[in-house]
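Accompanying notes for the structure given below.
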Amino acid sequence: MIRFLLSFAVVGTGLLVWNLPSGHGRQLLIDGSPRLMTLFIFVPLLSAWITLGAALYVRPTRLFNTKAPPKLVQVFLGFSSGLVSMILAVCGTVLLDRTLGDIPIMILSSIIGTSVIVRLSRTIRPGHCARCDYDLRSSIAFGRCPECGLAL
Ligand SMILES: [Zn+2]
């Protein structure tokens, strides 16, 4: 999960850094660096963390199982979630800035972005290998997945 969250945070940091060269950004950096860090990094990260935790609690997926986590895929998923969240946040800010504050927009975008991406990753089906999804119901006695060798 940490890989996912770190990659997620990279996108927020990127957006923050990208905002800095503009005069607006520079002014914000001087006045409210802690506020910006909160808005672009901490708030989205916390929302993504809670969303991911809740999603995995309800529905464990192969991509976040503890036995055989595919590390690069988690990085990619985190990055994608971050990207989707930030795109939503930018759209949300343009559309809803007057009705909602920045922080609720960030929270909502991160929740949606994370859920969408996690939703796309596949569930661990009961009786199937957590890594390769091989049907283990007839080979559970071997103690390993005959397809990929993962210890059961
Ligand atoms: Zn397997």
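Annotations
- Just one of the listed residues (SER121, SER115) is away from the ligand (no atom under 12 Å from the Cβ), more than 18 Å from VAL11 (Cα to Cα), in contact (Cβ under 8 Å) with a residue 24 or more places away in the chain and touching a helix residue (DSSP H, G or I) at 6+ places or on another chain (Cβ under 7 Å), namely SER121.
- Against the criterion of being more than 16 Å from the ligand (Cβ to nearest atom), surrounded by fewer than 17 Cβ atoms within 10 Å (Cβ to Cβ) and free of Cβ contacts under 8 Å to residues at least 24 places away in the same chain, LEU96 qualifies.
- Within region 129-147, the set of residues being modelled with pLDDT under 85, more than 6 Å from the ligand (Cβ to nearest atom) and under 16 Å from THR61 (Cα atoms) comprises ALA130, ASP133.
- Breaking point among (1) farther than 22 Å from ALA55 by Cβ; (2) modelled with pLDDT under 85; (3) within 16 Å of the ligand (Cβ to nearest atom), for GLY101: (3)
- Odd one out for LEU150, checked against (1) surrounded by 15 or more Cβ atoms within 10 Å (Cβ to Cβ); (2) within 16 Å of the ligand (Cβ to nearest atom); (3) without any contact (Cβ under 8 Å) to a residue 24 or more places away in the chain: (3)
- Each residue in region 104-147 was checked for being surrounded by 13 or more Cβ atoms within 10 Å (Cβ to Cβ), among the hydrophobic types (A, V, I, L, M, F, W, C) and not in a loop (DSSP other than H, G, I, E, B), and 9 of them qualify.
The values are calculated or read from the model by the stated rules, or taken from the named source; none is laboratory data. Only a predicted model underlies this, so the values are computations on that prediction, with no experimental measurement involved. Cβ: placed from backbone, ideal geometry, glycine included. Neighbour counts: every protein chain shown.
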